[in-house]
1. From the list V31, V49, pick out the single residue that is at pLDDT 95 or above, surrounded by 17 or more Cβ atoms within 10 Å (Cβ to Cβ) and either more than 21 Å from M384 (Cα to Cα) or charged (D, E, K, R) (or both).
2. Sort through V155, V171 and tell me the only one that's farther than 28 Å from S267 by Cβ and in contact with an Asp or Glu (Cβ under 6 Å, 6 or more places away or on another chain).
3. Quick check on the range 404-421: of everything there that is over 22 Å from the mean Cα position of the chain (by Cα) and surrounded by 16 or more Cβ atoms within 10 Å (Cβ to Cβ), which residue is farthest from I353 (Cα to Cα)?
4. For the range 355-401, please list each of the strands (runs of 3 or more DSSP E) lying entirely inside it that holds at least 2 residues being touching a Gly at 6+ places or on another chain (Cβ under 6 Å) and buried (at least 18 other Cβ atoms within 10 Å of the Cβ).
5. Taking into account only those residues within the range 94-123 that are over 22 Å from the mean Cα position of the chain (by Cα) and in contact (Cβ under 8 Å) with a residue 12 or more places away in the chain, which is surrounded by the most Cβ atoms within 10 Å (Cβ to Cβ)?
6. If you check A98, A94, A21, which single one turns out to be small (G, A, S), touching a His at 6+ places or on another chain (Cβ under 8 Å) and at pLDDT 95 or above?
7. Would the range 87-96 turn up any residue that is among the aromatic types (F, W, Y), in a loop (DSSP other than H, G, I, E, B) and within 17 Å of T292 (Cα to Cα)?
8. So which residues in the range 52-83 are free of Cβ contacts under 8 Å to residues at least 40 places away in the same chain, surrounded by fewer than 17 Cβ atoms within 10 Å (Cβ to Cβ) and not in a helix (DSSP H, G or I), if there are any at all?
Amino acid sequence: MFESLLVANRGEIARRVIRTAREMGLRTVAVHSELDADLPFVAEADQAVLIGGDAPAQAYRDVAAILQAAKDTGAQAIHPGYGFLSENADFAAAVADAGLIWVGPSPSAITAMGDKIAARNLMAAAGVPVAPGTEDPVGTAADAAAAAGQIGYPVMIKASAGGGGMGMAVVDGAEQLVAEYEKVTAFAGRMFGDASVFVERYFPSVRHVEVQILGLPDGRILALGERDCSVQRRNQKVAEETPCPVMDPATREQLLQAARDAGAAVSYRGAGTVEFLFSPGTKEFFFLEMNTRLQVEHPITEEVLGIDLVRAQLLVAAGEDPGLAEAPPTGHAIELRINAEDPKRFLPGPGVITSWVEPSGDGVRVDSGYGPGTTVTPAYDSLMAKLIVHGADRAQALERAAAAVAGFQIAGPKSNLAFHAELLTNPEFVSGAYDTALVARMRARPPKN
């Protein structure tokens, strides 16, 4: 086992990784931009290194600066968190080339899953169900229209290099297709440096369900249950729960096996997530993508299984068996993402935090990146904290979540706490029978008389 760890990230996930690493007796190193100098993760690390002062938005993507920080501090391993460089195969390879341990899957696994078209084809070859779609990039709007005609509307145009809910558009008919095709290709080229797109069947009423996998040093793939991530705004998750409240045991086992097969297809090691679209009505599910890193919503899996996924990541990276086994969940867990944003339109609302009071109590956990006196800047993602609740069943988890939201006090920046209070009393959400369009329905304007 290595003795020191550099965390190449910021905010709540850096703080989360540092906490477990210190509990394991590891010396921790934080890297940070000038804007983040006063955040808790910097103070909680054993050592902190300033990087990327001239370009704060790019600081955590500065490979040379991060590797130099590791060299200067004697760090033996690097944990990338999520976002930034966490799914960058070149960075993973550079870490290994520098003689350091990469806490994550192999560069080849990251590459295989990073291109959505290649990933679809690889999963299909492995027997994992995929939605009807193109096997190759569509080079022109005319090609996209021809593909859509064969697949059947509605379809989704998706960036091959996209992820995180970005680089996609729903097309309901041929008259929309050219404009949406041009928008997605332009966005993909600008954001990802790769304008290639593909066309896939779109399911208007569907759930977004993912499986937590853990690839062990001996090659086994554990499927550690599923998470329902269907509460989304603009295709980006805002709340998650586990287990999925509308999945029967037989379908669940099929889903878990598909995730194991997906991991085995790329010889996966460490923590990863296989995402699926799931139709409760037909009990069908289709591969969506694989995230070759730790997910934002990993804590709800930890709560229902009584495990520490960061600890498992660190042990697997060191070539050790974390001693975990597949097991049924105990109770129910819900995660609410507490963002610095307007609760109605979800527009960012950064600012200085003048008051910050976290809730507590049975089954309540808060993973936060900020505190009183710190500043949420527009340079980074708006996530301030994750509110995680665990109950004996879904009803108790909902009750505890509502009480915790009411007890969470944030002043200064805007926050979406009011949205979560609304969500937790929404009849559709409370029933468990919702889909990925729930938030859009909650925010739809009432018809004029």
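The values are calculated or read from the model by the stated rules, or taken from the named source; none is laboratory data. All values derive from a computational prediction rather than experimental measurement. Quick reminder, even Gly has a Cβ in these numbers, built from the backbone with ideal geometry, and neighbours come from all protein chains shown.
1. Numbers: V31 fails: either more than 21 Å from M384 (Cα to Cα) or charged (D, E, K, R) (or both).
Answer to the check: V49.
2. Checking each option against the conditions leaves just V171.
3. Restricting to residues being over 22 Å from the mean Cα position of the chain (by Cα) and surrounded by 16 or more Cβ atoms within 10 Å (Cβ to Cβ), the top hit is A421.
4. Values: elements: 355-357, 364-368, 383-391.
Once the strands (runs of 3 or more DSSP E) in the range 355-401 are filtered for at least 2 residues that are touching a Gly at 6+ places or on another chain (Cβ under 6 Å) and buried (at least 18 other Cβ atoms within 10 Å of the Cβ), what remains is 383-391.
5. Within the range 94-123, the subset over 22 Å from the mean Cα position of the chain (by Cα) is 94-101, 121.
From what is left, the residues that are in contact (Cβ under 8 Å) with a residue 12 or more places away in the chain are 94-95, 98, 100-101, 121.
Values: A94: 19, V95: 25, A98: 15, L100: 19, I101: 19, N121: 14.
Step by step, filter the range 94-123, then rank; the result is V95.
6. Numbers: A98 fails: touching a His at 6+ places or on another chain (Cβ under 8 Å); A94 fails: touching a His at 6+ places or on another chain (Cβ under 8 Å).
Just one listed residue meets the conditions, A21.
7. Taking the range 87-96 first, the residues among the aromatic types (F, W, Y) are 91.
Retained after the next criterion (residues that are in a loop (DSSP other than H, G, I, E, B)): none.
For the range 87-96, residues among the aromatic types (F, W, Y), in a loop (DSSP other than H, G, I, E, B) and within 17 Å of T292 (Cα to Cα): absent.
8. G53, D54, A55, listed by residue number.
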